[in-house]
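Structure record follows, encoded as structure tokens.
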Amino acid sequence: MIQLNYPAYPFKIKKEGNKDRIFDPVRQAWIILTPEEWVRQNMLQYLIQVAQYPTSLIAVEKSIQLGELKKRFDIVVFKHEQPWMIIECKEALVALNENTLSQILQYQQVLGAKYLVMSNGHKTIGAEIQSGKLHYLQDFPEYI
């Protein structure tokens, strides 16, 4: 398991109608603030501020084709113009389990990333794929 300490960040939140919205600095857009979005935004700030991954190489909520299904990944970090890390965010009350692993492995089949990360904000699990096997991580890999 990876221990994360999310950095302080002055999130921009506004009320629009009866919904709260949060400004996503990566997507440059106001997004409905759901419990999952809160985890995603904190994860993005961890990646940018703590892990120092380049913001320009982070994609958020983009569509991919899984056979005949269209799916949306949460976060993908690119390196050398290829997907390098896939991050699946769940709201705090959702357990990270076989279903979550199955979901991120489906994305990995399409994207071919080397690293997989799942987080619900309280628990974060990461793995590196080596020779077709998952090797669990204690820390986020450095972006060098």
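What about residue 106, is it touching a Leu at 6+ places or on another chain (Cβ under 9 Å) and not aliphatic (A, V, I, L, M)? Walk me through how you get there before you give the answer.
Numbers: touching a Leu at 6+ places or on another chain (Cβ under 9 Å): yes; not aliphatic (A, V, I, L, M): yes.
Yes.
Please verify whether residue 20 is farther than 21 Å from residue 128 by Cα and of a type in the set (Asp, Glu), treating the condition exactly as stated. For residue 20, the condition - farther than 21 Å from residue 128 by Cα and of a type in the set (Asp, Glu) - is met.
How about the stretch 48-136: which strands (runs of 3 or more DSSP E) wholly inside it have at least 2 residues that are open to solvent by less than 80 Å² (accessible area, probe 1.4 Å) and among the hydroxyl-bearing types (Ser, Thr, Tyr)? By residue number, 115-119. Can you spot a residue in the stretch 94-111 that is under 22 Å from residue 45 (Cβ atoms) and in contact with a His (Cβ under 7 Å, 6 or more places away or on another chain)? For the stretch 94-111, residues under 22 Å from residue 45 (Cβ atoms) and in contact with a His (Cβ under 7 Å, 6 or more places away or on another chain): absent. I'd like to know if the stretch 13-33 contains one or more residues that are outside any loop (DSSP other than H, G, I, E, B), touching a residue at least 24 places away in the same chain (Cβ under 8 Å) and open to solvent by less than 50 Å² (accessible area, probe 1.4 Å). Yes; the residues of the stretch 13-33 include at least one that is outside any loop (DSSP other than H, G, I, E, B), touching a residue at least 24 places away in the same chain (Cβ under 8 Å) and open to solvent by less than 50 Å² (accessible area, probe 1.4 Å).
Taken together, 37, 68, 81, 91 contain a single residue that is out of contact with any helix residue (DSSP H, G or I) (no Cβ under 7 Å at 6 or more places or on another chain) and closer than 22 Å to residue 1 by Cα, which is 37.
The values are calculated or read from the model by the stated rules, or taken from the named source; none is laboratory data. Note that the coordinates shown come from a computational prediction; the quantities given were computed from them, not determined experimentally. We place every Cβ from the backbone using ideal geometry, glycine too, and count neighbours over all the protein chains shown. Protein only, heavy atoms only, side chains kept; ligands, DNA and RNA dropped before computing areas. Shrake-Rupley method; radii C 1.70, N 1.55, O 1.52, S 1.80 Å.
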